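Student: I have a structure I would like to understand better, so I am pasting it below and will then ask my questions one at a time.
The values are calculated or read from the model by the stated rules, or taken from the named source; none is laboratory data. None of these values were measured; they are calculated from a predicted model. Cβ placement follows ideal geometry from the backbone for every residue including glycine, while neighbour counts extend to all protein chains displayed. The protein model used for the area step is the full one, side chains on, heavy atoms only, and it has no ligands, DNA or RNA in it. Shrake-Rupley method; radii C 1.70, N 1.55, O 1.52, S 1.80 Å.
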Amino acid sequence: MDFICTLTVRPLAKSSRSPHVHVAKQVCLSSSTRRRHFHRTTRLQKEVTGKSHSKFFSSVDDAVADIKSGSTVLSAGFGLCGTAETLIKALERRGSESLNNLTCVSNNAGTAVGGGLSPLVKSGQMTKAICSFLGANKELEKKYLTGKISIELTPQGTLAEKLRCGGAGIPAFYTPTGVSTLIQSGGIPQKFNEQGEVTVPGNARETRIFNGRVYNMEHAITGDVAILRAWKVDESGNCKFRYTTKSFAPLMAKAAKISIVEAEHVVPVGELEADDIDLPGVFIDRIVQATEEKVIEIKKLKDPNADPEAEAKDNPALQRRNRIAKRAAHELKPGSYVNLGIGMPTLAADFLPPNSNVWIQSENGIMGMGPYPTEDQIDADIINAGKETVTLVKGASTFDSSESFGMIRGGHIDVSMLGALQVGANGDLANYMIPGKVFKGMGGAMDLVSNPDNTKIVVLTDHVDKNGRPKIVQNCTLPLTGARVVSTIITDMCVFQVNREKGFLTLTELAPNVTVDDVKKNTGAKFEVASELGQME
């Protein structure tokens, strides 16, 4: 049954920061009647006031009623943080007969737990995704590998910059991200058939050399419609976002012909101070009231009494991880700006001394990321790049994804730590795909290693994989994340320094009870031994 609610927004006294929303009337109407009601109301409003109709739509279904099949939809959010769940549900209600063949641009096209674009994947309304990360979304992966959905896999920072340029009227740009990888060669297929055969290959990039370095050319992205969620929106469309919800929202709103925002709070013009506005109303065409609840994708909590060393006492795997993370913490100098990748790298922060003054960046838009929250500190709008709940330290800042990756590509981050599937003796890194087995997407990893001359790249990894095969190899056989980018490798057995220019390894530290011969037996690459070997703490 369809409902339309007529909402009257009445401001409270000036001391109040919240609007009073009064539900004046509720009646049951068909979709066609709702559209006629809306257009009649706005026509009467214009006749009475002499002004064009409000940007506010009392019905979310009316707000998406004119979106056409074949449209390109820019869907904001990171994981389930900041996604326009109310608008996505309205698109799903249109049904596949009314709305289909959609190309959806989003950092990730839905999640393993549902939410985000998952309903449009399931309904078959989405036939193409431009994204950076599939994660554990088996439904999306299955449809991709059987030809029901095509996917244009794009590094996260490149995706953000494509959108930024699209909104700024810049048709293309050059980036170091993805050079010497399958992104450059077009080696990641866009579409398969039901038999798993490639029917649409990837797009090879045009390249150009600037100052002796190769860059890929990338084309901007624009869309027919953008859907986003904001914390507060005034009746002119001025938007205020909370924390990491702004990761892709402003970029997508600017890059679309029509931008629709669902607001947690719709407030009168003037309620937001000029300094409060993250996105001016010129970029917003339609406003609806958000009705869907926020969903936390990964609720991660910190036990304030936890002792990492004690927890690992009877757990060899955790002992190995802690050994690596503890050594990695020594790479983080006081006052440095660092990015800690998903997984093992995040553990390094647990071994930093108090008041270390290390600023931790998360590429979804945080500088000054703190530890996991306690139960009473959880905020659905503050997550890290792994979609886990986190906290912010004093002096932290949040920003959109183009700003975040500008810091990284521009060499303003001192250290970046990542995990690995393989590392080559020349510093090549492979960490996002095992053909035929693992296909999650590169996320922000290719951007994180895009400026190794200014940002030190440190890899944290077990020395061998679960089958006992070396992860440190002479030459990588898996698809590269970056070529000649890694400077330091920290494993559970040792530490290697990498000469990226000459392409060789030097063993500089050994873990307790590990010998040089042990390292040789478990390493698939030649290496030199430092004249003075240190010991990992």
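Student: Arranged from highest to lowest average of other beta-carbon atoms within 10 Å per residue, in what order do the peptides 456-467, 378-389 appear?
Tutor: Ranked from most to least packed, the peptides come out as 378-389, 456-467.
Student: With a probe of 1.4 Å, find how much accessible area the chain has per residue, and write the answer as a whole number in Å².
Tutor: 45
Student: Provide the gained length on full extension for the span Glu375 to Ser98, in nm with one decimal, where the gain is 0.36 nm per separating residue minus the Cα-Cα distance.
Tutor: Numbers: separation 277, 0.36 × 277 = 99.72 nm, distance 4.34 nm.
In short, 95.4 nm is gained.
Student: Sequence-distant or interchain residues sharing an amide H contact under 5 Å with Glu262, placed H: which?
Tutor: Excluding prolines and chain starts, which carry no amide H, the hits are Leu228, Arg229, Ala230, Val288.
Student: Sticking with this one: When the accessible area of the chain is computed with all protein chains present and a 1.4 Å probe, what percentage of it is carbon and sulfur? Mind dumping the intermediate values first?
Tutor: Working: 11780 of 24060 Å².
The C+S portion of the solvent-accessible surface of the chain is 49 percent.
Student: If ligands, DNA and RNA are left out, what is the accessible area of Arg484 with a 1.4 Å probe, given in Å² to the nearest 10?
Tutor: Arg484 has an accessible surface of roughly 100 Å² with all protein chains in place.
Student: Follow-up. Restricting the count to DSSP beta bridges whose residues both fall in region 60-289, what percent are antiparallel, rounded to a multiple of 5?
Tutor: Numbers: 14 of 42 bridges.
About 35 percent, rounded to the nearest 5.
Student: When the Karplus curve 6.51 cos²θ - 1.76 cosθ + 1.60 is applied with θ = phi - 60°, which whole-Hz ³J(HN,Hα) does each residue of region 468-474 get, with x for Gly and Pro?
Tutor: Residue by residue, region 468-474 yields x, 8, x, 9, 9, 10, 5 Hz.
Student: Tell me the net charge near Ser98. Cut-off is 12 Å between Cβ atoms, Ser98 excluded, with +1 for each Lys or Arg and -1 for each Asp or Glu.
Tutor: Surrounding charge for Ser98 is -1.
Student: Relative contact order of the chain: what whole-number percent is it, with Cα pairs under 8 angstrom and at least 6 residues apart?
Tutor: 12
Student: Could you list, in their original order, any pairs among Lys68/Lys162; Lys300/Lys521; Lys122/Lys246; Lys232/Lys299; Lys313/Lys526; Lys232/Lys394 whose Cα atoms are separated by more than 29 Å?
Tutor: Lys300/Lys521; Lys313/Lys526
Student: For region 60-289, which semi-axes, largest first and in whole Å, follow from the square roots of 5 times the eigenvalues of its Cα gyration tensor? Numbers along the way, then the final one.
Tutor: Details: eigenvalues 176, 107, 37 Å².
Working through the eigenvalues yields semi-axes of 30, 23, 14 Å.
Student: Just one of (1) 24.1; (2) 24.8; (3) 28.5 is Kirkwood radius over Cα pairs in Å calculated from these coordinates, so which is it?
Tutor: The value computed from this structure is option (2).
Student: When DSSP beta bridges are limited to those with both residues in region 430-537, what percentage is antiparallel, rounded to the nearest 5?
Tutor: Counting only bridges with both partners in region 430-537, antiparallel ones make up about 55 percent.
Student: Restricting to Cα pairs below 8 Å that are 6+ residues apart, what does the relative contact order work out to for region 60-289? Please round to a whole percent.
Tutor: Dividing the mean separation by the residue count of region 60-289 yields 20 percent.
Student: Moving to a separate point now. Residues with beta-carbon under 10 Å from that of Ala255, excluding Ala255: net charge, scoring Lys, Arg +1 and Asp, Glu -1?
Tutor: +4
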